[in-house]
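Below: one structure, written as structure tokens.
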Amino acid sequence: QVQLVESGGGLVQPGGSLRLSCTASATINLLAMGWYRQAPGKQRELVARISTGGITRNYADSVKGRFTISRDNAKRVVYLQMNNLKSEDTGVYYCNHATSPWSPWGQGTQVTVSS
């Protein structure tokens, strides 16, 4: 199974930006990947997904136009560029396969949007 390590979170003011990274321990070339968010007291939700070659990208309505998912298969990394952040974007962000079966979930990276 692929091990996934997320990084890049932090505290940011509303309207700010962050870039999250997800590094995989093995090749992810054949896997559609996704970024998930778990807000306090809520279930984990898929906010962005990207196809194996990076051509097709889909976003949750709540982040469309503000978040951009990308990938570098050679480096085994998936990115999430988050712009114009809002307080409701606060949560722990995870990456994993876009659909089940999932690899073991990593620790995630905390994103807090607050003034």
>> Just the residues that are surrounded by 13 or more Cβ atoms within 10 Å (Cβ to Cβ) and part of a loop (DSSP other than H, G, I, E, B), please, taken from the range 59-76.
In response: ALA60, SER62, VAL63, ARG66, ASN73, ARG76
> Within the range 1-16, can you find the residues that are under 19 Å from SER87 (Cβ atoms), small (Gly, Ala, Ser) and either open to solvent by 40 Å² or more (accessible area, probe 1.4 Å) or not in a loop (DSSP other than H, G, I, E, B) (or both)?
Replying inline: GLY10, GLY15
> What pairs come up if the first residue lies in the range 63-88 and is on the phi > 0 side of the Ramachandran plot, the second is loosely packed, with under 15 Cβ neighbours inside 10 Å, and their beta carbons are under 7 Å apart, counting only those six or more places apart or on different chains?
Replying inline: ARG76/THR27; ASN84/GLY15
> Considering the range 33-54 alone, what residues qualify as being in contact with a Lys or Arg (Cβ under 6 Å, 6 or more places away or on another chain) and open to solvent by less than 30 Å² (accessible area, probe 1.4 Å)?
Replying inline: GLY34, TYR36, VAL47, ILE50, GLY54
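Working only within the range 77-115, note down all residues that are of a type in the set (Val, Ile, Thr), open to solvent by less than 20 Å² (accessible area, probe 1.4 Å) and farther than 16 Å from ALA48 by Cβ.
Initially, the range 77-115 is screened for residues of a type in the set (Val, Ile, Thr), giving 77-78, 90, 92, 99, 109, 111-113.
Restricting the remaining residues to those that are open to solvent by less than 20 Å² (accessible area, probe 1.4 Å) gives 77-78, 109, 111, 113.
Correct list: VAL113 only.
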>> Can you pull out every residue in the range 18-46 that is within 19 Å of SER100 (Cα to Cα) and either assigned to a loop (DSSP other than H, G, I, E, B) or among the basic types (Lys, Arg) (or both)?
In response: SER25, ALA26, THR27, ILE28, ASN29, LEU30, LEU31, ALA32, ARG37, GLN43, ARG44
>> Could you check the range 17-29 and list, in sequence order, the residues that are under 21 Å from ASN84 (Cβ atoms) and loosely packed, with under 15 Cβ neighbours inside 10 Å?
In response: SER17, ARG19
>> Which pairs turn up if I take residues in the range 27-39 that are touching a residue at least 12 places away in the same chain (Cβ under 8 Å) and look for partners that are assigned to a strand (DSSP E or B) and of a type in the set (Lys, Arg) with beta carbon separation below 9 Å, at least 6 apart in sequence or on another chain?
In response: ILE28/ARG71; ALA32/ARG49; MET33/ARG49; MET33/ARG71; GLY34/ARG49; TRP35/ARG49
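The values are calculated or read from the model by the stated rules, or taken from the named source; none is laboratory data. Treat the numbers as computed from the prediction; the structure is a model and nothing was measured. In this analysis, Cβ positions are derived from the backbone assuming ideal geometry, glycine residues included, and neighbour counts consider all displayed protein chains. Surface areas here come from the heavy atoms of the whole protein model, side chains and all, with no ligands, DNA or RNA. Shrake-Rupley method; radii C 1.70, N 1.55, O 1.52, S 1.80 Å.
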